[in-house]
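Chemist: The structure that follows is given in the form of structure tokens.
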């Protein structure tokens, strides 16, 4: 049986053509921090660095993945949507890159799951970033996701 991270990677690649085109893969999941990685070659722009849309996409998918993995750990079947996000581009990325996502400060899975149980939907804020080799940040994304419990038809 594949690990939850491997199952998430397979789903991303099977269901999201952009993820396939980006050649993304799950690098690590420690239960709180999800790291997705992508090579530069399929994500390059006209200047020879990583395309901003690829950075945004990888951070968005990493954030979505954190919510998905947390739901799956609890065997909850939900639709997960990005509600809103804000991105900052701080430096160009000249090589392969990764995005790391985790809950935003002050957020709690306990509160999220309590609200989900009570209302059938809940919101959660996450932070993601694309770190550079020197420890600085190339891009950051703050986002809010909504999970809605799927109902049987």
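What follows draws every value from the coordinates through simple rules; no lab data is involved. Model, not experiment: these values are computed from the prediction. Here the Cβ is made from the backbone with ideal geometry for all residues, glycine too, and neighbour counts use every protein chain on show.
Chemist: Got a number for residues in segment 13-30 being in contact (Cβ under 8 Å) with a residue 24 or more places away in the chain and either farther than 12 Å from residue 61 by Cβ or in contact with a strand residue (DSSP E or B) (Cβ under 8 Å, 6 or more places away or on another chain) (or both)?
Modeler: Of the residues in that region, 5 qualify.
Chemist: Which condition does residue 87 not pass, out of (1) surrounded by 15 or more Cβ atoms within 10 Å (Cβ to Cβ); (2) touching a residue at least 60 places away in the same chain (Cβ under 8 Å); (3) over 13 Å from the mean Cα position of the chain (by Cα); (4) in a strand (DSSP E or B), if it passes all the others?
Modeler: With respect to (1) surrounded by 15 or more Cβ atoms within 10 Å (Cβ to Cβ); (2) touching a residue at least 60 places away in the same chain (Cβ under 8 Å); (3) over 13 Å from the mean Cα position of the chain (by Cα); (4) in a strand (DSSP E or B), residue 87 is out only on (2).
Chemist: Right, something else. Just the residues that are assigned to a loop (DSSP other than H, G, I, E, B) and either touching a residue at least 60 places away in the same chain (Cβ under 8 Å) or farther than 21 Å from residue 90 by Cα (or both), please, taken from segment 133-153. Don't jump to the end; show me each part of the working.
Modeler: Start the filter on segment 133-153 by keeping residues that are assigned to a loop (DSSP other than H, G, I, E, B), which leaves 133-136, 150-153.
Result: 150, 151, 152, 153.
Chemist: Follow-up question, since we're still on this one. So, residue 101, is that one under 13 Å from residue 141 (Cβ atoms) and touching a helix residue (DSSP H, G or I) at 6+ places or on another chain (Cβ under 9 Å) or not?
Modeler: Against the criterion (under 13 Å from residue 141 (Cβ atoms) and touching a helix residue (DSSP H, G or I) at 6+ places or on another chain (Cβ under 9 Å)), residue 101 qualifies.
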